[in-house]
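What follows is one structure encoded as structure tokens, with my remarks underneath.
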Amino acid sequence: GEALAVSARVAPLGSRLVLLLVEDLTEARRIEAVRRDFVANVSHELKTPVGALSLLSEAVMDASDDPEAVQRFAGRMQIEATRLTNLVQELIDLSRVQNDDPLEDAEPVRVDELVAEAIDRCRHQAGTKQITMAAGGTADLHVWGNRGQLAAALGNLVENAVNYSPARTRVGIAARRVNAPGGDQIELAVTDQGIGISDKDKERIFERFYRVDPARSRQTGGTGLGLAIVKHVVASHGGEVTVWSAENQGSTFTLRLPEAGMARDRAQQHPDLD
Ligand code: ADP
């Protein structure tokens, strides 16, 4: 009687174990496929500029008696070299955000500084397109996290807003504190009046190397890794990123990150400071 009861108890457990094993194998296979795709994508992305550089250097040699052509080819070589540098830098950034624990170096980070840094990073590009950048609500807000990673995440969003917008439009960055059950959060919203993103593409833009329009992205020096970096940074900080967009109207990317509760902490540590 007892043996039967035991086996009756073990049997469902056993089948659940088998199920778990099967699920584990499927997950392992999926991860393996993602890794293989990634390596294939990296190889392809590296081959493009390297191939162009090789062709262009041949062209330079053939055109040695035509200084104007040499100039032209050299200019294009510079563009390809920059592309290659960007790609390698973004690959390094991505591997860093995937492997490092960002909260090891976590500290309160001033939102106004993050925003100023992100704007600075795009100032040149925005200037050439006469895009106005404006920020609001950033005063006295602090997020809790890794400064470098947070700067990379916000910088990528602002860079995209500028890159995927026509000339003479506006990019806005708005910050505010939101009350959340698990502790207050800081919301950072980057809004553009750009080309927008279709519902179908919205689901995929956070994937590594996914680009709605590879030709356009390449033109702006895009690598397809920016939003993958954003997603990782936000996830490892216990935050989230969401996107609202309407085609040909614009997009808003919103980050939610844990607040550093500076005001409160400071008041508690130095009650006389206030
Ligand atoms: P990229 O280096 O190509 O910009 P990202 O990972 O940053 O790569 O973005 C992935 C794709 O999402 C872009 O190629 C672009 O098609 C789309 N995208 C990102 N941000 C915006 C935006 N603000 N407006 C319109 N499309 C965007």
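All of the numbers you see were taken from the coordinates with simple rules; none came from a lab. Note that this is a predicted model, so its numbers are computed, not measured. Glycine gets a Cβ as well: all are built from the backbone with ideal geometry, and neighbour counts include every protein chain shown.
Computed over the chain, relative contact order equals 17 percent, with contacts defined as Cα pairs under 8 Å that lie 6+ residues apart. The peptide list 252-258, 70-76, 106-112, put in order of mean Cβ contacts within 10 Å with the highest first, becomes 252-258, 106-112, 70-76.
When both the stretch 99-122 and the stretch 157-172 are represented by their alpha-carbon centers, they are found 20 Å apart.
Projected label points at ASP199 and LYS47, each 7 Å from Cα along the beta carbon direction, are separated by 3.7 nanometres. Could you tell me which of rounded, prolate or oblate describes the chain, using a ≥ b ≥ c as the square roots of the eigenvalues of the alpha-carbon gyration tensor, with rounded for a/c under 1.5 and, failing that, prolate when a/b is larger than b/c and oblate otherwise? In terms of gyration-tensor shape, oblate.
In loop segments of the stretch 188-235 as defined by DSSP, the trypsin sites (Lys or Arg not before Pro) with at most 16 further C-beta atoms inside 10 Å of their C-beta are ARG204.
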